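First the structure, in the form of structure tokens, and then the observations on it.
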């Protein structure tokens, strides 16, 4: 049976790998979209369900606050993101008995949040391109980082709800 130290070390390394894979995958897909799809052009993928489109988001997740004209909005979003990221890193690093579900969930959140933060610092906005819809209803356009954040939060929520 592996020691607690070995298990904790493995979970930390796995968390770093997952976060890096999410970050690199998100940045690569965003770069591909920026290079290949002109801004606001819609490319149908699955009729009645899914498009690719190159949009940008100056707000928070799913376009929240994107219409706000406040000049300090980007600085505030960067500061909040940094605080949340530092909290996630602190939790992962300090936890003595981190379950694998928690570790994976936090790693997904970390990788996605880092990628979106990188965009916000570098560009002042986040590149989004996944457009799911049903009839005239369109979900907010999002990216792989957003998907990782939601999946990670879902894993954490399931663990809490199922008594993990």
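Since every read-out is calculated from the coordinates, none of them should be taken as a lab result. Model, not experiment: these values are computed from the prediction. Using ideal geometry, Cβ is built from the backbone for each residue, glycine included, and neighbour counts are taken over all protein chains shown.
Quick notes on this one:
- Using 0.36 nm per residue and subtracting the Cα-Cα separation, the extra length available between residue 99 and residue 21 on full extension is 26.1 nm.
- Using R0 = 25 Å, the C-beta based FRET efficiency linking residue 31 and residue 151 works out to 0.70.
- Ordering of 145-153, 119-127 by packing [mean C-beta count within 10 Å, highest first]: 145-153, 119-127
- Using the empirical formula 2.2 N^0.38 Å as the baseline, the Cα radius of gyration of the chain reaches a ratio of 1.14.
- The long axis of helix 73-94 is offset from the longest Cα principal axis of the chain by roughly 20 degrees.
- 0 to 90° range, to nearest 10: angle between helix 144-161 axis and the chain longest Cα axis: 40 degrees
- Spatial separation of Cα centroids for the range 1-38 and the range 90-108, in angstrom: 14 Å
- Under the shape rule built on the C-alpha gyration tensor, where the axes satisfy a ≥ b ≥ c, the range 69-164 is oblate, since a/c reaches at least 1.5 while a/b does not exceed b/c.
- Using alpha-carbon coordinates, inclination of helix 100-123 to the longest axis of the chain, degrees: 40 degrees
- Segment residue 45..residue 82, full-extension length gain: 9.8 nm, with 0.36 nm per residue of separation and the alpha-carbon distance subtracted.
- CD proxy at 222 nm, helix term only [per DSSP H run n ≥ 4: -39500 (n - 2.57); per residue of the chain; nearest 500]: -21000 deg cm²/dmol
- Stretchable slack from residue 134 to residue 6, in nm (0.36 nm times residue separation minus alpha-carbon distance): 41.3 nm
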